[in-house]
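The next block holds one structure in the form of structure tokens; read it before the comments.
The values are calculated or read from the model by the stated rules, or taken from the named source; none is laboratory data. Because the structure is a prediction, the values reported are computed rather than measured. Counting neighbours? That spans all protein chains shown, and the Cβs are built from the backbone with ideal geometry, glycine included.
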Amino acid sequence: MQVQKYLLQCPLQPIEANIAASRRRVQLGRTADIWPALDSVLGIARKCLFPVGLDPACRCWEPDYTGSMVVSSPGLKAFLLETPFFGGLSDASLDLLVSMLVERRFDVGATVVAEGEPGRSMFIVHSGELVVSKLGDSRRVIRMAGLEPGDFFGEMTLIEMQNRSATVVAESPTVLYELTARNLYTYYKADIYAYVMVMQNINRELCRRLRRADNRIAELQILHAGQ
């Protein structure tokens, strides 16, 4: 509803005028002249949408954390090097990425992310245990997986920009490191090669999860066929 509100307030007449002008220039073969008009359209749309947090830097939902701080622990770098997310990065690239992380602390029972909520960040588990769950039929909570130090989650929202696919709840006092879409985009602008490596690491983890899911589906099919 909030998005609709801002779109209704958007100055549509300038947008329509610029689109019409661009169409006429294309019909006349003056394709090189359409860019100023299109730039104007994008500028108007940007002003309309960004107040509701639709740009890549937006944080649309705040998790129920008890504290936060910018990462500065000297031992953190060694820990992160052992996690799959940071594999293959040079010292300089790793230092830059670590400087973009923010520490989040959660008490037992706190919801870190909720299924269906907008999300624009991912988390790396430093300490504690968490449970991943989804809502099934009749709103029944289905436990999907457990998370422990070295695991990461929430990365799917950074790739497909969809709502959270599952709920993650802390089962013990937990310390996480958060990387927002804004900071990931800054990382891309600053070090494209390291950014590609990070995305490859994420894709490898997604492939591992997909492989496990395939195996689980096959086991369930065999179990069902034997009944």
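Numerical summary
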| quantity | calculated |
| --- | --- |
| Members of region 101-136 found to be of a type outside the set (Gly, Ala, Ser), part of a loop (DSSP other than H, G, I, E, B) and surrounded by fewer than 19 Cβ atoms within 10 Å (Cβ to Cβ), listed by number | Asp107, Val108, Glu115, Glu117, Pro118, Glu129 |
| Close pairs (8 angstrom Cβ cut-off, 6 or more residues apart or separate chains): in the same structural domain as Ser121 (by TED's automatic domain parsing) in region 199-226, in a helix (DSSP H, G or I) and acidic (Asp, Glu) anywhere | Ile202/Glu155; Glu205/Glu155; Leu206/Glu155 |
| Options Tyr193, Tyr177; residue that is assigned by TED's automatic domain parsing to the domain that holds Gly128, surrounded by 15 or more Cβ atoms within 10 Å (Cβ to Cβ) and within 28 Å of Leu89 (Cα to Cα) | Tyr177 |
| All positions within region 149-190 that are among the β-branched types (Val, Ile, Thr) and free of Cβ contacts under 8 Å to residues at least 40 places away in the same chain | Thr157 |
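Yes/no per residue for (1) on the phi < 0 side of the Ramachandran plot; (2) touching a Gly at 6+ places or on another chain (Cβ under 9 Å):
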position	(1), (2)
Phe106	yes, yes
Gly116	no, no
Gly128	no, no
Gly136	yes, no
Arg139	no, no
Glu148	yes, yes
